[in-house]
Amino acid sequence: MTRVLKIGGSILTDKSRELTARPEEITRVAKEIASHPDDVVLVHGAGSFGHFPAKKYDLPHEFNRAGLRVTHNCVARLCEKVVEALSLAGVECLPVHPLSCLLLRDGRIDSFFMEPIKEMLKNGIMPVLHGDVAMDAAGKAAIVSGDHLIAYLGKALQAEVVAVGSNVDGVLFSGRPLSRITRKEFSVVQSAIGGSASADVTGGMRGKLLELLDLADLGIDSVIFNAGIEGNIARALKGECVGTRIGRAN
Ligand code: IP8
């Protein structure tokens, strides 16, 4: 049973301060993942390691070689911290940098060399991916968000659990988390669902939902939950709906 888990950058970093990790949270998250580590592909957001440099270099609107290098190096540094925390928690894992194994076309994943990820899973190694910069066959370069990655991986691996941990209790409507959302409800509530409060170049909750609704169209449900609440990550990995379930309209 493959499980695809995303932990948002808002949990792992202070998104209001450039290049600021939250080491205690990284350790806590790693320990929770270590309680159910089998067949998990982890994707983490870029947080203040990605969105600040991306904004500074006006990515993805401008093609800027130095901007790509700096932004990638910053997110790779966050990935290193996550990999190290997981290793200390007893999880065998390896970093997989999207920049080096996928190609975008018009901002969408066009090809993705996933064989190493599959081999890692077969051999008891957790692949750790992250939001990244990526080359784009149509527009030179762009950004691939963690949300885009989980939707792609969920489909490609036919994942049984797709869980997206953010810093809110799910998809909020009138201040409360919806228990379930499909395209039908989305069209009604979408104006109330915002982007991100911080320096975010990839679309916040709305961007997340659009990716996951595409996945739901293919028959793969997912859950958006609050990964800042202790215990939720472990429960989400067990397949519990600890937030809002994104599904297909009946
Ligand atoms: O934090 C964004 O990934 P996300 C990646 O998952 C960059 O949206 C480089 C800003």
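The values are calculated or read from the model by the stated rules, or taken from the named source; none is laboratory data. The structure presented is a predicted model; accordingly, all values stated were derived computationally and were not measured. With ideal geometry, Cβ positions are generated from the backbone for all residues, glycine too; neighbour counts draw on all protein chains shown. The protein model used for the area step is the full one, side chains on, heavy atoms only, and it has no ligands, DNA or RNA in it. Shrake-Rupley method; radii C 1.70, N 1.55, O 1.52, S 1.80 Å.
Tell me, which residue of segment 92-107 that is in contact (Cβ under 8 Å) with a residue 24 or more places away in the chain, outside any strand (DSSP E or B) and open to solvent by 30 Å² or more (accessible area, probe 1.4 Å) is farthest from the ligand (Cβ to nearest atom)?
Here the answer is Glu92.
Output the residue which, of all residues in segment 41-88 that are among the charged types (D, E, K, R) and more than 18 Å from the chain's Cα centre (by Cα), is farthest from the ligand (Cβ to nearest atom).
Only one residue tops the list, namely Glu84.
Given segment 4-61, what helices (runs of 4 or more DSSP H) lie entirely inside it while holding 2 or more residues that are open to solvent by 50 Å² or more (accessible area, probe 1.4 Å)?
Where helices (runs of 4 or more DSSP H) fall fully within segment 4-61 and carry at least 2 residues being open to solvent by 50 Å² or more (accessible area, probe 1.4 Å), they are 23-34, 47-56.
Can you tell me how many residues in segment 1-24 are more than 28 Å from Leu68 (Cβ to Cβ) and at pLDDT 95 or above?
Residues of segment 1-24 more than 28 Å from Leu68 (Cβ to Cβ): 1-3, 24.
Okay, now just the ones that are also at pLDDT 95 or above, so 2-3, 24.
Adding up the residues that qualify gives 3.
Output the number of residues of segment 184-214 satisfying the condition of being at pLDDT 95 or above and in contact with an Asp or Glu (Cβ under 8 Å, 6 or more places away or on another chain).
Summing the residues that are at pLDDT 95 or above and in contact with an Asp or Glu (Cβ under 8 Å, 6 or more places away or on another chain) in segment 184-214 gives 1.
Which condition number does Gly9 fail, the rest of (1) within 11 Å of the ligand (Cβ to nearest atom); (2) on the phi < 0 side of the Ramachandran plot; (3) free of Cβ contacts under 8 Å to residues at least 60 places away in the same chain being met?
(3)
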